[in-house]
Amino acid sequence: MRLGSTKASPWQPGSPHSPPPHVVEDCLGVMKLLSDGTVIRSAPPPFPAGADYDDGRVEWKDAVYDAQYNLGVRIYRPRLGEANTKLPVLVYFHGGGFVFGSYSWPKNHAGCLRLACELPAVVLSFDYRLAPEHPLPAAVEDSATALRWLATRISSRSDPWLAEDACIFLGGQSSGATLAHHLLLRPHPMVKIAGCILLMPPFLSETATQSELDTPDTAFLSCKMSDKYFRLMMPVGANKDDPLVNPFGPASPSLETADVGRMLVVAAECDMVRDKDVEYADRLKAMGKDVELVVFAGQEHAFFATKPFSPAADQLLTVIKRFLDQRK
């Protein structure tokens, strides 16, 4: 978890020409950008971190996968004895608009406990660099580093939790799902990806969709909030057709030849990016890809993160488990 503040150009008290710094961007209170370039990060709201799951049924440990940037991963596995050697491996990236979040945040931790326990699976929840200090594509590069780190750990047999012949799935929620998408576009000679699970990837385009137009300002992810994340996370001068956020933009690499394996795309009915998620699944199906689309009625963006113990989260776990079990 990244807490505290960093300053790009500190304001000096008493300066006759500079006003005191003020908040210019506020992301749910957990990340604030000040007018002098200071980024203030705060702890997330308290949440019971999976009391029904963090009870010994799942064991977990932390590791550093990139020492240069001090990036960590939390690895989970259920206590199943010898059966642990046959578990699939889920590479998972949390959400947060690329500007906040961590595997250590209580709701993210609770969700990964559920994934490990109920699928069951070995789950690796990776952190990555955040904007605005590190705009995209920094997080994309970190996700590729994470996958190389995993491949090395498996091939070297340096971690008994990671079986050499395990089926590996990519996954993520919200911005984390965007990272999983970008990993599909890259060759990974050291690891074979069996499938991908994209939970509400926030794909965008310069042309507004109907679901964007229908989303109220009170939504968890409104168009106004999405635009704020976009300003903070993107390189200067980028628009919403940039390949970083639009998989079918004019300059986006083709998915025709991408080896996506099997794919599960989850959309939420009341999500501003619902139409882009449905379009993504439909266009991949038209390319002949093995894609399953599930739209959750009545749900908003990132409901698995905001409500990890809700009935909708229960249903989502059932859908993901069925998807993984199809590998057998």
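Any chance you could run the full-extension gain for F47 through V278? It's 0.36 nm times the residue separation minus the Cα-Cα distance, nm to one decimal. Between F47 and V278, full extension yields an extra 80.0 nm.
The charge dipole of the range 201-274, taken about the Cα centre with unit charges on the Cβ atoms of Lys, Arg (+1) and Asp, Glu (-1), comes to about 200 debye, rounded to the nearest 20. Considering helices alone, the calculated mean residue ellipticity of the chain at 222 nm is -8000 deg cm²/dmol, with DSSP H runs of length four and up weighted by -39500 (n - 2.57) and normalised per residue.
A Cβ-based charge dipole, computed about the Cα centre of the chain with Lys and Arg at +1 and Asp and Glu at -1, lands at about 740 debye. When Rg and the Kirkwood radius Rh are both evaluated on Cα atoms of the range 204-279, their ratio Rg/Rh stands at 0.98.
For the pair D290 and R327, the difference between a 0.36 nm per residue extended length and the Cα-Cα distance amounts to 12.1 nm. Projecting label points 7 angstrom from Cα along Cα→Cβ for A258 and Q68 puts them 2.4 nm apart.
In this calculation the C-beta distance from T318 to V236 is compared with R0 = 41 Å, giving a FRET efficiency of 0.40. Computed 3J(HN,Hα) for the range 157-169, one whole-Hz value per residue from the Karplus formula 6.51 cos²θ - 1.76 cosθ + 1.60 where θ = phi - 60°, is 6, 8, 10, x, 6, 10, 6, 5, 9, 5, 6, 10, 10, glycine and proline marked x.
When you count the other C-beta atoms within 10 angstrom of each residue and take the mean per peptide, 134-140, 236-242, 120-126 line up highest first as 120-126, 134-140, 236-242. The H on the amide N of N239, modeled in the peptide plane, is under 5 Å from the matching H of no residue at least 5 residues off or on a different chain. For the chain, DSSP calls about 45 percent of its internal beta bridges antiparallel.
Once a ≥ b ≥ c are taken as the square roots of the eigenvalues of the Cα gyration tensor of the range 188-328, is the result rounded (a/c under 1.5), prolate (a/b larger than b/c) or oblate (a/b not larger than b/c)? Here the range 188-328 falls in the oblate category. Taking amide H as placed 1.01 Å from N in the peptide plane, D36 has its amide H under 5 Å from the amide H of H22, each at least 5 places away in sequence or on another chain. Amide H contacts under 5 Å for G72: Y65, D127, restricted to partners 5 or more places along the chain or on a different chain, H placed in the peptide plane at 1.01 Å from N.
When only Cα pairs below 8 angstrom with a gap of at least 6 residues are kept, the chain shows a relative contact order of 15 percent. Within the chain, the whole DSSP H helices whose Cα atoms reach 24 Å or more along their own axis and whose mean Kyte-Doolittle score is at least -1.0 are 138-155. Remark: the E206-S155 segment gains 14.1 nm on full extension, using 0.36 nm per residue and subtracting the alpha carbon distance. The mean accessible area for residues of the chain, using a 1.4 Å probe and ignoring ligands and nucleic acids, is 43 Å² per residue. Rounded to two decimals, the Cα-based Rg/Rh of the range 155-270, with Kirkwood Rh, is 1.04. Taking every C-alpha pair closer than 8 Å and separated by at least 6 residues, the mean separation divided by the residue count of the range 29-146 gives a relative contact order of 28 percent. Annotation: lysines with alpha-carbon distance below 26 angstrom to K86 (same-chain offsets under eight excluded): K61, K192, K321, K328. Selection among F296, M225, A166 by position relative to the dipole of the chain gives A166 as farthest towards the positive end (Cβ unit charges, Cα centre).
The values are calculated or read from the model by the stated rules, or taken from the named source; none is laboratory data. Nothing here was measured: the structure is a model prediction, and the numbers come from that model. A quick note on method: Cβ atoms are made from the backbone with ideal geometry, for glycine too, and the neighbour counts reach across all protein chains shown. Accessible surface is based on the protein model in full, side chains and every heavy atom, while ligands, DNA and RNA are left aside. Shrake-Rupley method; radii C 1.70, N 1.55, O 1.52, S 1.80 Å.
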